[in-house]
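Here's the structure we're looking at; comments come further down.
The values are calculated or read from the model by the stated rules, or taken from the named source; none is laboratory data. Here the structure is a predicted model, which means the values were calculated and not measured. We place every Cβ from the backbone using ideal geometry, glycine too, and count neighbours over all the protein chains shown. Accessible surface areas use protein heavy atoms only, side chains included; no ligands, DNA or RNA. Shrake-Rupley method; radii C 1.70, N 1.55, O 1.52, S 1.80 Å.
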Amino acid sequence: MAEPAIRLRKVHLTLGQGRGAVHVLKGIDLDVARGESVGIVGPSGSGKSTLLMVLAGLERADTGEVEIAGQPLQGLSEDKLAAFRGRHIGIVFQSFHLIPNMTALENVAVPLELAGHRNAFERAEAELRSVGLGARVSHYPGELSGGEQQRVALARALAPEPALLIADEPTGNLDADTGAQIADLLFAEQKRRAMTMVLVTHDKTLAARCGREVAVRSGEIERDGFAPARASAVPEPMVAEAAR
């Protein structure tokens, strides 16, 4: 394998202190190639979402090595880590995490401005159009459906053109039809941009669309296998506006 997009070696993480301490990650080793899609699965409490947070630099490993796009994260200050994340890592959460008093356009553009990107609002509008929300840029999150809010969150994650896209239960708060639309969009954008994508999901169908599936149990990797080649390409998302 060439230099991987993700490289983890002997990663341990304990959350909490004293009697409440929980050893969440127990010696995780993981390599993910550039452009690969990986689905992380496992029961609730297995450590899979915590693993994503370590990859995103939102949790720091107690011991071990975490390297993203060739950059070791363990030695970075909080400011440098935040700057690195803003340039190289896009994150989509189950609960959208949009700012309620900002429009869809502002939710995408303001993080770009803070990260020093030029033409932040033009770029944000282009990303919102690419996810089917060209007519909804001036709407606030409370005026959008759940599927539309997740599209805004995806546009925000994609706007910096990250090398790595991380998604934590991206369809978990959506109905089946809307979730399928978001899944189509995720995989189409990952393919179009040749990004590395790692997602956590309880949805077996969504995990099966990834090129590789990693099963986590009790803080350890239980299984790591490549999915069989698929006969057809990932369908392109609808370019029409999201269904309400």
* To do: Any chance you could look up the accessible area of D203 with a 1.4 Å probe, heavy atoms only, rounded to 10 Å²?
  => 70 Å²
* To do: Among DSSP beta bridges lying fully in the chain, give the percent that are antiparallel, nearest 5.
  => 55 percent
* Structure fact -> Long-range share for region 1-77, i.e. C-alpha pairs more than 20 Å apart as a percent of all pairs, stands at 31 percent
* To do: Normalising by the residue count of region 1-114, find the relative contact order in percent from Cα pairs under 8 Å and 6+ residues apart.
  => 26 percent
* Partners for K204 among lysines (Cα-Cα distance below 25 Å; same-chain residues under 8 apart left out) -> K26, K48, K191
* To do: Once you have the Cα-Cα distance between L114 and R217, take 0.36 nm times their residue separation minus that, and quote the gain in nm to one decimal.
  => 33.3 nm
* How long is the chain along each principal axis, judged by its Cα atoms, biggest number first, in Å? -> 48, 43, 39
* Could you name the aspartates and glutamates in cross-link range of K10, using Cα to Cα under 15 Å and dropping any fewer than eight places away on the same chain? -> D29, D31, D62, E65, E67, E220, E222
* Pairwise Cα inverse-distance average, inverted: Kirkwood Rh of region 83-154 (Å) -> 12.2 Å
* To do: Could you tell me the distance between the Cα centroids of region 144-188 and region 17-63, to the nearest Å?
  => 21 Å
* Expressed as cubic angstrom per residue, what is the convex hull volume of the alpha carbon set of region 66-188? -> 108 Å³
* How much length is gained if the chain between R129 and L15 is pulled fully straight, taking 0.36 nm per residue apart and subtracting their Cα-Cα distance, in nm to one decimal? -> 37.0 nm
* **Potential extension, K191-A83 segment - 0.36 nm per residue separation minus Cα distance** => 36.3 nm
* To do: State, to one decimal in nm, how far the label point of M102 lies from the label point of H202, with both points 7 Å from Cα in the Cβ direction.
  => 3.0 nm
